[in-house]
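Throughout, read-outs are computed from the coordinates displayed, never taken from laboratory work. Source: prediction; values computed, not measured. We place every Cβ from the backbone using ideal geometry, glycine too, and count neighbours over all the protein chains shown.
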Amino acid sequence: MPDKPQGLVFPTQFPLKAIGKNTGKFEDEVIEIVRRHVPELPDTAISRRLSRDGKYLSVTAVFIAQSQEQLDGIYYELSSHADMMMVL
């Protein structure tokens, strides 16, 4: 019988992308949420990209995820944000 797929093995480098409405405060709020779960996240691990029309903003944070519970907490909090469109 073949082995079951393992999924993520922690700790692991993890790129998280949050896409939402470009409200002017969206980026700061996303970073604040991620840093609650990843306090050591440096500014250099964060990138941003505006949509062509400037209506939406994607914020990407690359960090070392320590556990599935950590990722679940980040995804839950980001998904609850009023201006969030998608979390990848």
**Prompt:** Relative to the first principal axis of the alpha-carbon coordinates of the chain, what is the inclination of helix 26-37, with its axis defined by its Cα atoms, in degrees from 0 to 90 and to the nearest 10?
**Reply:** 30
**Asked** If you stretched the chain out fully between LEU8 and GLU32, how much longer would it get, using 0.36 nm times the residue separation minus the C-alpha to C-alpha distance?
**Response** 6.2 nm
**Prompt:** What is the Rg over Rh value, at two decimals, for the stretch 12-87, using alpha-carbon atoms and the Kirkwood definition of Rh?
**Reply:** 0.95
**Item:** the chain, relative contact order in percent, only Cα pairs under 8 angstrom and at least six apart counted
**Value:** 44
**Request:** Quickly work out the LEU88-to-ASP53 label distance, labels modelled 7 Å from Cα along the C-beta direction, and quote it in nm with one decimal.
**Result:** 2.0
**Asked** Roughly how many nanometres apart are two label points built 7 Å out from the Cα toward the Cβ at LYS21 and TYR75?
**Response** 2.5
**Request:** Scan the chain and report its longest stretch carrying no trypsin sites (Lys or Arg not before Pro) that are both in a DSSP loop and have at most 15 other Cβ atoms within 10 Å.
**Result:** 56-88
**Coil-residue GluC sites (Glu not before Pro) of the chain, DSSP, other Cβ within 10 Å capped at 10** = GLU40
**Neighbour net charge for SER80 - beta-carbon separation under 13 angstrom, K R +1, D E -1** = -3
